[in-house]
Structures are given as C-alpha cells and as structure tokens.
1. Counting only DSSP beta bridges with both residues in region 17-89, tell me the antiparallel percent, nearest 5.
2. Each residue of region 21-27 in order: what ³J(HN,Hα) in whole Hz does its phi give by Karplus 6.51 cos²θ - 1.76 cosθ + 1.60, θ = phi - 60°, with x for Gly and Pro?
3. I need the shape label for region 12-101. Rule: rounded when a/c is under 1.5, else prolate if a/b > b/c, else oblate, with a, b, c from the alpha carbon gyration tensor.
4. Compute the length gained on full extension between residue 43 and residue 64: take 0.36 nm times their separation in residues and subtract their Cα-Cα distance, giving the result in nm to one decimal.
5. Would you please classify the overall shape of region 48-91 from the alpha carbon gyration tensor, given that a ≥ b ≥ c denote the square roots of the eigenvalues, rounded means a/c under 1.5, and beyond that prolate means a/b larger than b/c while oblate covers the rest?
Amino acid sequence: MEISAMTCEHLQPLEQAILAAGIREDFRGKPWSDHCREWVYFDCCLDRAALRERFQLDVCVTDHEHMGTHDGQEAGFFCKMHEDGIMGVHPKAVRPETRIFGGERNQSDSRK
C-alpha cells in the first residue's frame, strides 16, 4: 500500500520510505521562509550519507542542517529546484531514544 507523499519528485521516494517505516511526522507545511514550499519534519535522525547512497538523490537535493541556540535544530535534505525539505533531528541533538533512519530495506531504524 502506497502512503501519500506530498513533497516533490526528488524527495518523494525518501518521504515514502520514512512514512512506511511508521516514523511520526512532527510538522508539515511552510516552516519559516518564503524559500520553503513543502517541508516535512520527522521524529528521527536521518543518516544522510546512507540515505543519499540508497536513494541516489538528484544533484538538486542538498544536505541541510541548522543548530540554533534559540530557534531549534534540524538536519535533512533540501531540494533547490522545488524548495521542498525533509528534516529530522540534528545529529548533535540525538538522545538515546531517538530513532536513526538510514533507509534500510529490512530494518527501518537503529539506535545510536
């Protein structure tokens, strides 16, 4: 069964995999800038190197991270062409209970 994804075609396979793994969505929408279209925040830390390799992300998809002191934290992927993003917990903010999602075919998460 396919789960509805709303990000652009460059990020949809990744979004589908995260949703299929049952990872909770924390926020969906336009977060903070006119240069953001559809951003989705998930309750996990994204293993960006593993995900980039597994999903063969297009060159228009860049790594993004923000570690704010007053305005939160995030790390994930940003599509420069469509201004969509898929974000998770910043690696420096990971706690013992935080799921690490690397897109494994047989196991949807691991613990650090």
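Throughout, read-outs are computed from the coordinates displayed, never taken from laboratory work. A quick note: this is a predicted structure, and the numbers were derived from the prediction, not measured.
1. So the antiparallel bridges amount to about 85 percent of the total.
2. So the Karplus estimates, Gly and Pro as x, are 6, x, 7, 5, 8, 8, 7 Hz.
3. Because its axes are fairly even, with a/c under 1.5, region 12-101 counts as rounded.
4. 5.9 nm
5. Verdict is oblate for region 48-91.
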